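The values are calculated or read from the model by the stated rules, or taken from the named source; none is laboratory data. Because the structure is predicted, anything quoted here is derived from the model rather than measured. Because the Cβ atoms are built from the backbone with ideal geometry, glycine has one as well, and the counts that use them run over all protein chains shown.
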Amino acid sequence: MPRGGDTAPAFTAPLADGDIGTFSLETALDERTPVVLAFFPGAFTTVCSHEMRTFQDRLDELRDTGAALYGISIDSPFALNEFRDQLSLSFALVSDTNREIVEAYDVATEFETVGIETIAKRAVFVVDETQTVTYAWVSDDPGAEPDYDELLAAVDNTGSSECRSFSA
């Protein structure tokens, strides 16, 4: 798992933003920094829906710091667009159906009880303009959510020499 101070793995993947496009971490970092990557296990689940709604509620605060937010899950971009619509999300979601991103960020976990081999752990990474992870939070508890105030403070402090990593 990338920790504070590590280089964030670069990736390109399908983007669900109302349409279906392509997301590139490199391009996102060129457009706006920091970039917040919020991994979640699956669309349409109770905790993931609450988490994404909370991010939507705090989106103006994140954007006021200059940050861009992207949710990431293994769901298809078509499912993620429906999820965005149902929750009225105004930020884009990244589709990792091939599980390359969750593997690169070391946040893959087994979920065989429902016939799905690998899903994302709930995790949040903040990446600065040099592609350095300035904040990392990963939970082994699928019911846990990040400390949104702590995350917002970390985003606001991006650019300082302080890099932090947390596990829940």
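Computed values, structure above
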item: Count - residues of region 8-46 that are closer than 19 Å to ARG122 by Cα and of a type in the set (Val, Ile, Thr); result: 4
item: Strands (runs of 3 or more DSSP E) wholly inside region 28-104 containing at least 1 residues that are over 21 Å from PRO142 (Cα atoms) and at pLDDT 95 or above; result: 35-39, 68-73
item: Count of residues meeting criterion [in contact with a Gly (Cβ under 7 Å, 6 or more places away or on another chain) and farther than 15 Å from LEU151 by Cα] in region 49-73; result: 1
item: Hits in region 94-143 (condition: more than 14 Å from PHE39 (Cα to Cα) and among the small types (Gly, Ala, Ser)); result: GLY115
item: Region 114-147, residues that are of a type outside the set (Phe, Trp, Tyr), part of a strand (DSSP E or B) and in contact with a Leu (Cβ under 7 Å, 6 or more places away or on another chain); result: VAL124, VAL127
item: Failed item, numbered, when TYR105 is tested on (1) out of contact with any helix residue (DSSP H, G or I) (no Cβ under 6 Å at 6 or more places or on another chain); (2) hydroxyl-bearing (Ser, Thr, Tyr); (3) over 16 Å from GLN131 (Cβ atoms); result: (3)
item: Lone qualifier among ALA43, ALA38, ALA16, ALA28 - being under 17 Å from ASP106 (Cα atoms), touching a residue at least 12 places away in the same chain (Cβ under 8 Å) and among the small types (Gly, Ala, Ser); result: ALA38
item: Some residue of region 157-165 being at pLDDT 95 or above, part of a strand (DSSP E or B) and either among the acidic types (Asp, Glu) or touching a helix residue (DSSP H, G or I) at 6+ places or on another chain (Cβ under 8 Å) (or both); result: no
item: Answer from LEU25, LEU15, LEU37 - the residue that is among the hydrophobic types (A, V, I, L, M, F, W, C), surrounded by 14 or more Cβ atoms within 10 Å (Cβ to Cβ) and within 21 Å of ALA144 (Cα to Cα); result: LEU37
item: Single match in ALA123, ALA136, ALA154 (criterion: of a type outside the set (S, T, N, Q) and at pLDDT below 95); result: ALA154
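Residues are listed down the side, and each one gets a yes or a no for (1) under 22 Å from THR132 (Cα atoms); (2) touching a helix residue (DSSP H, G or I) at 6+ places or on another chain (Cβ under 8 Å):
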| site | (1), (2) |
| --- | --- |
| PHE11 | yes, yes |
| ALA38 | yes, yes |
| THR45 | no, no |
| ARG63 | yes, no |
| ILE72 | yes, yes |
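Results for (1) farther than 16 Å from ALA10 by Cβ; (2) not acidic (Asp, Glu), shown as yes or no for each residue.
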| site | (1), (2) |
| --- | --- |
| PHE23 | no, yes |
| LEU29 | no, yes |
| PRO34 | no, yes |
| PHE40 | yes, yes |
| ARG53 | yes, yes |
| ASP64 | yes, no |
| ILE72 | no, yes |
| ASN98 | no, yes |
| ALA104 | no, yes |
